[in-house]
Structure formats: structure tokens, C-alpha cells
Amino acid sequence: MPCGLRGIKAVWGQTVTFICGLWAMVALLSCSGGGNGDEMLPSVTVSIPPLEYFAKAIGGDSLRVISLLPESADPETFSPGVSVMRELATSKMFVTVGVLPFEDAMLENIKSNNPDMKVAVVCGGIDFIYGTHSHEGAAGDDDVHEGKGEPDPHVWSSVRNARIIAGNMFDAIVAAAPQHREYFKRRYDNLVARIDSIDQSVEGRLKGCHGLVFAVWHPSLSYFARDYGIEQIAFNVENKETSPVRLRSQLDYARSRRVGAFIVPAGIDKDKVAVVATGLGLEPVSVNLMSADWERQMFSVIDALIGEPATKTQHK
Ligand SMILES: [Zn+2]
């Protein structure tokens, strides 16, 4: 993504006071009543746009779904506006990934300002990957993942993980609006079938690509790579300035592995990735892994991986 989540906790720390103020304002706004039929639906707030895909797929017409972060938001600088906080305050449930630092800050606020709100996480049951990513202060770092470092937080960028996320999302939504359980269940079953179909499609397209290696600016596809036995080589692991030494060693390694694609976050400054692109002889391909269109994310990744190479440059 411009995952750029590292360091966000500090930013959130600075905005905690701001958020508290918003909660007070939200309480007043929430009492104003009114609204159309859509606003009368039970609602859940999800922390990031990709979770919207799963919530809407299950919730259909019987659930209102709001994402805390809009697609265009930079998680490092994002502060929730009044309307978002109002939605959150009126939501039946706050659904988080469970391993993103900014979610921690939000939960602290919810505990003190809206203690009755239900909170769910969707990462339960996922087999975490460690050592591919670093986000200081990630949730659970001190207890759950002791000795392993922080889990790679990009759990949603994986078709196999999506099945688990969908199951956890179903449980959360049913808890938020149990009166629609049967309706949600039918839609959940359809969603699982759809995820299985995407999985088969991706697997089919990767057939014959055994040993495929791809480069990414930020390591946002560790789970996707694991799903299909392919290799991801990342350049910007710490999400801070990549040192010339690391850049050179990664480039040397990537060249030796004959990388076939270079995926960069949507919206990234092309100058930032130019050295890598030139070094690999590949045109960077943008993929928005923070999009609410999760399906499109997955197909964009596979298109980038096995599409026609943008250049014919030969690597030594
Ligand atoms: Zn990241």
C-alpha cells in the first residue's frame, strides 16, 4: 500500500486529543436524529477499505458498511473527520484487521468513549508470516508474537487468507445484526464460492510459472507469494528511506533471480522507484492494495505478474 503504516502510531498519538474532541461533537450530532432509510440499517465500520469488500459481500442490502480510512488516505497522515467518527459512533460493530498500529489507537478511544461498542478482528486463524515486514508497535507485539517480531500486516492481500477473513467477518456481522443471519449466511456461502473461484483462476494462470519471482517496492504481497509458491523480493522493507547499500544488494539479488515484474503502490512517486525499475529493466506496475475492490486487487496482481513484460531488457 502506500502501506506506509510504520510510524503511524506516533501520528495517532498526536491525534488522540483531536479524536476525543470529535467524539464529544459526534455525541451531539448523533442526537440530531432524522436520516433516510439507508441510515436506519444496522451499520458496521471497518478499519480499512479492503475489509469493505467482505462486509458488503456478506451484508448486502441489510447492512450499512463504512470504512474508517478512505481508499485515497495515507495511513501515515490520516485523521478521521467528523462524519467518519459519527458513523463509527452509531455503528453496531468496529471490525479491524487486528494487526495494524492505527487500529490500536482507535481501540483505546473506543474503550474510553464508547465502551459498549462491539469490536471484532478478522485476522484470527491466519497463519502469520514474520520477518518480511516491520511496523513498530504493532498490536500484540509484546505478547502474542513474542520472539518472532511483528506479523506481516498485509493479511488481506491473499486469496487463501480471504477465506478466513470472510469467515471472521461473517461472525462479526451476525453478532452486529443477528436478525438477518439467514440472509447473511446465503451471501457468505456465495462469497466463499467466489473466493474459491478466484483462487482456482489465479492458480490456473500461474500454472507453468513455477519458480516465478517478482519485485515489489513495499512487501505487501508476502501472503500472496506464499499462497502460490512464488517469490517476492522487496526493496522498501522498513517503509523508510532505503539505504544505497540495501538497494544495491537487493538489486543484485533480484537480477540474479531474473525478476519478471515490479509492482509498486498506486500513487507512488515514480521518481522514487526509478532506480529499481531501471536496474531491473522493468516498467513499474501500480496496484492499489488498499482498494475496496478486493477482487480487482487480486486480478491486478496476477495481471502484473504474468502479463507481457513492459520491456524486453535482458538482465545479466
Ligand atoms: Zn506494509
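The values are calculated or read from the model by the stated rules, or taken from the named source; none is laboratory data. Given the structure is predicted, the values throughout are model-derived calculations rather than measurements. We place every Cβ from the backbone using ideal geometry, glycine too, and count neighbours over all the protein chains shown.
A quick yes/no check of all residues on (1) in the same structural domain as Gly149 (by TED's automatic domain parsing); (2) free of Cβ contacts under 8 Å to residues at least 60 places away in the same chain:
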residue	(1), (2)
Val192	yes, yes
Phe214	no, no
Trp217	no, no
Glu231	no, yes
Phe235	no, yes
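Whenever a residue of the range 78-101 is on the phi > 0 side of the Ramachandran plot and buried (at least 22 other Cβ atoms within 10 Å of the Cβ), its partners that are part of a loop (DSSP other than H, G, I, E, B) and at pLDDT 80 or above, lying with C-beta atoms within less than 8 angstrom and at least six residues away or across chains, give the pairs Gly98/Val122; Gly98/Cys123; Gly98/Gly124.
Taking the condition of being under 15 Å from the mean Cα position of the chain (by Cα) and over 17 Å from Phe170 (Cα atoms), how many residues in the range 105-131 meet it? Number satisfying all stated conditions: 2.
Is it true that Val11 is within 16 Å of the ligand (Cβ to nearest atom), modelled with pLDDT under 80 and not in a loop (DSSP other than H, G, I, E, B)? For Val11, the condition - within 16 Å of the ligand (Cβ to nearest atom), modelled with pLDDT under 80 and not in a loop (DSSP other than H, G, I, E, B) - is met.
Set side by side, the residues Val159, Val155 differ, and just one is at pLDDT 95 or above and within 16 Å of the ligand (Cβ to nearest atom), which is Val155.
Of all residues in the range 221-250, those being in contact with a strand residue (DSSP E or B) (Cβ under 9 Å, 6 or more places away or on another chain) and over 22 Å from Leu206 (Cβ atoms) number 3. Among all residues of the range 272-290, there is none that is of a type in the set (Val, Ile, Thr), closer than 28 Å to Ala162 by Cβ, touching a residue at least 60 places away in the same chain (Cβ under 8 Å) and surrounded by 14 or more Cβ atoms within 10 Å (Cβ to Cβ).
List the helices (runs of 4 or more DSSP H) that sit entirely inside the range 171-282 and contain at least 1 residues that are within 24 Å of the chain's Cα centre (by Cα) and within 16 Å of the ligand (Cβ to nearest atom).
222-228, 270-280
Scanning the range 107-142 for residues that are away from the ligand (no atom under 16 Å from the Cβ), modelled with pLDDT of 95 or more and over 21 Å from Thr90 (Cα atoms) returns Gly124, Gly125, Asp127.
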